[in-house]
Protein chains: 2
Amino acid sequence: MKLRAKPICLTAGGKPVVILTLNDAEELGVLSLGRVKLSCGGKTRTCIVNTTKKILKRGEIGLYDEVTDFFGVSAGREIDVEATDFPASMTFIRNRLKGRRLDSDEIREIVQDVTRGNLSEVEITSFIIALEHQGLNLDEAAALSTAMVETGETLKIDQKLVADKHSIGGVPGDKTTLLVVPIIASYGIAIPKTSSRAITSPAGSADRAEILMDVNLEIEEIKRVVKKTNGCIVWGGAIRLAPADDIFVQVEYPLSIDPLLLPSIMSKKKAVGATRLVVDIPLGRGTKVKTIGDADLLARDFIELGGRLGIKTQCALTYGEQPIGHALGSALEAREALEVLSRKKGAPDLIDKACDIAGILLGMCGLPEGRKKAAHAITSGKAEEKLREIIREQGGNPKIKPDDLPIGEHSSDITAETGGYVKWISNWGLVEMARSAGSPKDKGAGVVLHKKLNSQVKRGEPLLTIYAKHASKLQRAEKIFEEQMVVAVGEKMEMMLKEVKEVPVPEKAFILER
Amino acid sequence: MKLRAKPICLTAGGKPVVILTLNDAEELGVLSLGRVKLSCGGKTRTCIVNTTKKILKRGEIGLYDEVTDFFGVSAGREIDVEATDFPASMTFIRNRLKGRRLDSDEIREIVQDVTRGNLSEVEITSFIIALEHQGLNLDEAAALSTAMVETGETLKIDQKLVADKHSIGGVPGDKTTLLVVPIIASYGIAIPKTSSRAITSPAGSADRAEILMDVNLEIEEIKRVVKKTNGCIVWGGAIRLAPADDIFVQVEYPLSIDPLLLPSIMSKKKAVGATRLVVDIPLGRGTKVKTIGDADLLARDFIELGGRLGIKTQCALTYGEQPIGHALGSALEAREALEVLSRKKGAPDLIDKACDIAGILLGMCGLPEGRKKAAHAITSGKAEEKLREIIREQGGNPKIKPDDLPIGEHSSDITAETGGYVKWISNWGLVEMARSAGSPKDKGAGVVLHKKLNSQVKRGEPLLTIYAKHASKLQRAEKIFEEQMVVAVGEKMEMMLKEVKEVPVPEKAFILER
């Protein structure tokens, strides 16, 4: 059928979508989300059909930007349109929905079609849910990781040992990366760290690092920085490592499911050429993994998948029932990390965790007594020196002092209404407070926790301080503290946590960062 | 956040979709497919977020027609936008994905949100797949049927007994409805039959009936026709019975799954007020149900669900390995039905099937010896008379003769290359031929099968005739006959059906009609 092009100046997120009138769609024999093959000027492209009762006249075909640009057509140009089959990858997905495992060729085809925009949201959703329901086996996870690497950019560091660390997230205030990277690099081992920005948290590692330096580096710049300093801390989103994952995340978010956790993480590690990896699995109520048993299962999967991909992998199961250190929010966290590295202030849990993880990595890279070496890097000031080198190479001020980092102008203390011990800290409540105060958008906003679990507290003593750019946002954060049991102080733990009197609508935290 | 409206003149299929720049979305703390609450001029509406890097400037919000119309705003109007939670129904769907059964309140909420456009395609897909994977129990199927009835229009016929029949489809050429409706109505029993149009077949019952009369009747017109004649044959799509189902179908189509078969059918029967129902379950290779065991399971579900909804239900398991009668295609099928009713030509299998189904229905309505009565209605001409009454009331020509019905001008015979017996007929191959010839769009196009299973055939005798509006379409249908084993003639059955030498891409027929 010949139809006249009508560009509609909208993008469909990379998908080649066309709009047909219901009548033309019927004549072609396709329904909405079916496929048509467009031919024009010697080019051919299979497109996803949407139908409409409005905006188009019969004989017109609405083209999203992806299609307009592909054909380079303008309004009125005649396009040949015929019905065609769903892509072969859709057959594989349908089989997977029925429980059939996929082989690596089928998975590559699916991932390629996802990155090329050839699958609709309905179809990608069905793939994600099939994986969530039936689980991925190791072969599938390895094939997915590999396909996600192949469809994206990769970093080639000219070194035999390339170290990396990753936390699966869920603990607020975890600025461990800002310590581990300079520790490892100070021992001459390459650690090209890519990090994410906050999605559901107050700050991601890339947000924290951005307070000190530019994190939007391209592949060639990363290579230069790593060559010079052995380390870097950059935003992974600025380079297209495993772009399929960015598309999968958009489906996982509304559904609050995360079946691609392993391939997503491991593909990004493979893409930067890591050969030694420590995965931090924080454990606790507010984190992704609640029990040691579950963490062991997950750790086994990481180690086995790492083996398949040629990445020697170990896992660290860490305590995650409260924030790491005291600060939540990009600038407050960057300040705390810099204070610790420059030995201005202590944060025993942060230092401990950083030394644990850096220690394991150093050991895996052939340096004995890794933990001791890690601790020495901090106390000797070598880690601080290395971080300042990295800051300089990534365009920051290498002389920056913790107090130079701007934090929210407005602040408010929340004090204890009663004395006793801190019996309960809600990670999720603190996250909500920091986000209400303006994180992650207002970089200076956040929360500083003065008392941690089991600390003694006197009546009237400050439990925490909220920082914000706008005074009104302080009140929103205070309100959350009042409404929720964010920090509980008492002599003994009350056994009743919550009465359920009527059918509740559960509001569970879903941690998408990975 | 205050944003300026920018209507984009596109509909989102009833969904309230807005577009934000990535920066504004980040500032609000929402991702694509998240939700924002819009307030403007005293009105408030929760909308689904899409994000864009193009077409919008920061500070603008793109509004699909659904949102523009709701607020009645024009370009530049200031709208207050804040992040908000996913609708509660999304929590229920997430729970269902994890295997938790839904209660009737939860299901009602989901169906309401689906019809109101409050759920995205990703979210509706996850609901459909959860049902497909884990199956619906009877409580859920009943609650879904009821909710789908409540969210649509209903027909209230002022009679105690309201009969109905339904075929789950999959057999081409099944014009049984055109016979059953007048038979039942001729005995004074109300049968307000709503039918569908072809989706993946050459003709639906509504398409067949439309050859003889107007089928786009509104509720009040249907009531008038049924009051006068006891029967009607109308297109269900013209009235909004169970509109949620139309939305679910859009997701089921690309995935080739059909978990809502039962609630979809039964909700439409409930919506027309049926109290006695026969469900025809055709059995055979090309149909939805392949074995008697599977058909028994499905029949049990129909009968039990009918019981819950107050519809006394029986099922008929019918032979579906070849077309019913000889004709495929709207006009050819209407002609065949009229020929049979006016006793001009026989079609033993069609008459047999119509008498079986009408007989069961008459029996369920308290008339003994139903099958005999059904056969009598045909032989006595009472059924023909009743059909002509219905045709008149639905605006058709009550005097129409079979030969008056226009069929495709161009035709082509396909003859047997060898003599013997018809050993194999591919329903799916015949469907593809009829559709290539122009069905369902060209109403006169289709295929007439001259030889049915086990018929004796001489070399050179015509096996079938293809009819088309355009001669070029005949060739497309002929090509399908050549390429596929549509009709196989032989003295004995060859045991080898197909050699599988390399990894095949399976192409299975998916029958969406229901």
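The values are calculated or read from the model by the stated rules, or taken from the named source; none is laboratory data. This one's a predicted model, so the numbers in the text were calculated from it and none came from an experiment. Don't worry about glycine lacking a Cβ; one is built from the backbone with ideal geometry, like all the others, and counts go over all protein chains shown.
Quick notes
- Close pairs (6 angstrom Cβ cut-off, 6 or more residues apart or separate chains): outside the structural domain of B:Ile48 (by TED's automatic domain parsing) in segment B:99-128, outside any helix (DSSP H, G or I) and among the small types (Gly, Ala, Ser) anywhere: B:Gly117/B:Gly14
- Scope segment B:410-450; condition among the charged types (D, E, K, R) and more than 17 Å from B:Gln484 (Cβ to Cβ); matching residues: B:Asp413, B:Lys441, B:Asp442, B:Lys443
- Counted residues, segment B:26-38 - those being under 27 Å from B:Ile247 (Cβ atoms) and either in contact with a helix residue (DSSP H, G or I) (Cβ under 8 Å, 6 or more places away or on another chain) or away from chain A (no Cβ under 11 Å) (or both): 7
- Total residues in segment B:222-251 satisfying the condition of being aliphatic (A, V, I, L, M), touching a Gly at 6+ places or on another chain (Cβ under 9 Å) and not in a loop (DSSP other than H, G, I, E, B): the figure is 3.
- Candidate set from segment A:270-295 (those that are part of a helix (DSSP H, G or I) and in contact (Cβ under 8 Å) with a residue 12 or more places away in the chain); member that is farthest from A:His166 (Cα to Cα): A:Ile292
- Within segment A:41-52, not a single residue is charged (D, E, K, R) and within 12 Å of chain B (Cβ to nearest Cβ).
- Here B:Gln134 passes the criteria (1) more than 14 Å from chain A (Cβ to nearest Cβ); (2) surrounded by fewer than 20 Cβ atoms within 10 Å (Cβ to Cβ) except the one numbered (1).
- Out of A:Gly236, A:Gly152, sole residue that is surrounded by fewer than 24 Cβ atoms within 10 Å (Cβ to Cβ), closer than 19 Å to A:Met266 by Cα and assigned by TED's automatic domain parsing to the domain that holds A:Arg371: A:Gly236
- Number of residues in segment B:1-42 that are basic (Lys, Arg) and over 13 Å from B:Val81 (Cβ atoms) equals 1.
- Boolean, A:Ser186 is within 28 Å of A:Asp442 (Cα to Cα), among the polar types (S, T, N, Q) and more than 14 Å from every other protein chain (Cβ to nearest Cβ): no
- In segment A:18-60, the residues that are closer than 25 Å to A:Thr125 by Cβ and polar (S, T, N, Q): A:Ser32, A:Thr46, A:Asn50, A:Thr51, A:Thr52
- Checking the stated criteria, B:Ile184 turns out to be under 30 Å from B:Leu405 (Cα atoms) and over 22 Å from the mean Cα position of the chain (by Cα).
- Those residues of segment B:310-335 which are of a type outside the set (S, T, N, Q) and surrounded by fewer than 21 Cβ atoms within 10 Å (Cβ to Cβ), in sequence order: B:Gly310, B:Lys312, B:Ala316, B:Leu317, B:Tyr319, B:Glu321
Every residue, every condition in (1) farther than 21 Å from B:Ala274 by Cβ; (2) surrounded by 20 or more Cβ atoms within 10 Å (Cβ to Cβ); (3) not assigned by TED's automatic domain parsing to the domain that holds B:Lys268, yes or no:
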{"site": "B:Pro192", "(1), (2), (3)": "no, yes, no"}
{"site": "B:Ser195", "(1), (2), (3)": "no, yes, no"}
{"site": "B:Ile199", "(1), (2), (3)": "yes, no, no"}
{"site": "B:Ala206", "(1), (2), (3)": "no, yes, no"}
{"site": "B:Leu212", "(1), (2), (3)": "yes, yes, no"}
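- Scanning segment B:217-233 turns up one or more residues that are under 15 Å from the mean Cα position of the chain (by Cα) and not acidic (Asp, Glu).
- Residue pairs meeting the criteria (Cβ under 7 Å; at least 6 apart or on separate chains; first within 13 Å of chain B (Cβ to nearest Cβ) and hydrophobic (A, V, I, L, M, F, W, C), in segment A:1-22; second assigned to a loop (DSSP other than H, G, I, E, B) and surrounded by fewer than 18 Cβ atoms within 10 Å (Cβ to Cβ)): A:Cys9/B:Ile55; A:Leu10/B:Ile55; A:Leu22/A:Lys53
- Scanning segment B:79-130 for residues that are more than 8 Å from chain A (Cβ to nearest Cβ) and among the hydroxyl-bearing types (Ser, Thr, Tyr) gives B:Thr84, B:Ser89, B:Ser104, B:Thr115.
- The residue that is nearest to B:Ile265 (Cα to Cα), counting only those in segment B:209-221 that are touching a strand residue (DSSP E or B) at 6+ places or on another chain (Cβ under 8 Å) and part of a helix (DSSP H, G or I), is B:Ala209.
- Whichever residue in segment A:386-405 is of a type in the set (A, V, I, L, M, F, W, C) and in a loop (DSSP other than H, G, I, E, B) and, among such residues, is nearest to the chain's Cα centre (by Cα): A:Leu405
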